[in-house]
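Computed from the coordinates by the stated procedures, all read-outs in this text should not be read as laboratory data. Just so it is clear, the structure is predicted and the values come from calculations on it, not from any experiment. Every residue, glycine as well, gets a Cβ built from its backbone with ideal geometry; the counts of neighbours run over all protein chains shown.
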Amino acid sequence: MSGTWLGKVQTQSWSNFQGTVQYFDKYEQVFPNPLKAWQAKDIAACSGTPCDVEASRIGWGWSRYSVYKEISSWESALLCFDQIRDVSHARDHLDQIINNILRPATDIIMSYYMKKRAAMHAKTKKICNPTLTDFTFEWVESGDDGEIYIDTNADPTTVYKLSPQALQRMVMPMTLQGYMDTNVLGKDFPRLIELITGMETTWELMRQANSDSTTPLSSYWRYTDWTDANNYWRYGFSGQLGNYAISVDPFELRFNYVGKIGANYRYQVVLPYRNVSAEDDDGTENWQTGAGLRMEPNPDYEKAQYAFTYIWHRAAGTCMVADATSVHPDMPFMARDLAGKWQFVTHDLGCPNYKQNKGLFYADFELAWKPSQPELSAIFFHKREPACVPEIETCNDDPGHPTQYYDSANERCDLYWDLGDCEEGEGIEIENGDITVNGQPLSFGGTGCVADLDALVAALNANAYTSALGTWEASDPDGDSEDELVLTNPTADDVDVVITCCTRPT
């Protein structure tokens, strides 16, 4: 599984003893008024105030944001060592659980936290339509299922697919917000805007850009702007479209429309996988209740009709991870990782464990989202769909089913062996075993070969096996004065004569 956001967001530690809420001031830029009138300088004696020119003023400002901690804890099912040690393949299964379930789960949990908070705190939120209408949304929790809805003012009848023109419309606004002023990827990275979207939307943008001749983005899906195409992959990008470097998120946030709730419109989150019951053949080796679970691709995710696409700058937000260092050397609390590192714990399991033979995996997340420069990020709320498959018919007629020939053996001599074109003195030279009749090799006695058709006829009639098939003759059945080998009075419906080595006149 892929689709991590861990490399796209700056991280920072939240030190101990600073409470659960922090405030930070974002110092704002101020644009001077360049339209102020300029005055002609007057140096005449006793005229004006040449030493005290009236000055235009420029100020400054700051915005104060609050950052608060958010926590989430996860645990596995209880494991009993006395049971595990009598189960076959237990080592392999536990290795799979740790490496293929728990560790990827940390990536997925962190990534979804980041993309959800990045969407919440993006300063610019646009519906993809001709006016790029602003929209707002909030996450809605539903019992144990979590935040499975968003409520928004985005009317589904006003939402359309993402287009290259919509991206063009955002280039200058993001530039004026200072997007190009900070290059967190280093001086070697070109001045491009990062776009994070799904694979299907990427293909759709490419198709639109290359099919619309009025779009200046045509043919800009390429790897030619950097000297080494591999640089895209080194920075985590899939390619370039105009002013944008595109990152594909295969786990993008997708939604389906539910209906209107009060004054808002509700959309349901659709995840790329769903969990179903695992198959269990007989249960004899299963050391958990039932066969457990298995995940499978969610077909509804492919068909989900709405999505978030991000214009993202890696300085736009910071994920702060809580620190759990010791308070005092004489107070040796357990050192905990609060960024989702899984630990195996054996205490306070809700049941006696004085044998230390029971335990479970446990992970803590204690994070905070700091909107460092939210003006450098934006999201589009737009429609999407899987690729539309066209009905393409063939231009040629149906050929039917003509008989096919795939025999790999050399060409066989016909039953009728024509000697009419032989020059004087030429004949048929056949060694013992070089002719078969119905698959049985024919022997010519001690002569070792036959010199002509008459000799071959004599050999066939002298052989007990072949003579039983009928009478062999050299005749002219077609009346063209050319002798051919024929079988008269046959005793079988089908006789197969194969000459595999002969001198056949051309």
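Here the Debye sum runs over all C-alpha atoms of segment 99-162 as equal scatterers in vacuum, and log10 of I(q)/I(0) at q = 0.18, 0.19, 0.21 Å⁻¹ comes out as -0.82, -0.87, -0.96. Cβ-to-Cβ counts within 10 Å put ASP151, ASP300, ASP397, ASP249 in ascending order as ASP397, ASP300, ASP151, ASP249, the fewest first. Each of ILE109, ILE261 has some number of other Cβ atoms within 10 Å of its Cβ, and from fewest to most they run ILE261, ILE109. Amide H contacts for LEU192 (H built 1.01 Å from N in the peptide plane; partners 5 or more residues away or on another chain; cut-off under 5 Å): none found. Neighbour counts of other Cβ atoms within 10 Å put LYS125, LYS161, LYS303 in the fewest-to-most order LYS303, LYS161, LYS125. Proximity of backbone amide H atoms, modeled 1.01 Å from N, is registered between GLN240 and ARG222, ILE246 at under 5 Å, excluding neighbours fewer than 5 places apart on the same chain. Exceedance of the 23 Å cut-off in Cα-Cα distance is limited, within the set LYS125/LYS383; LYS126/LYS383; LYS8/LYS260; LYS303/LYS341; LYS115/LYS260, to LYS8/LYS260; LYS303/LYS341; LYS115/LYS260. Fully extending the segment from SER63 to ALA468, taken as 0.36 nm per residue of separation minus the present Cα-Cα distance, adds 134.6 nm.
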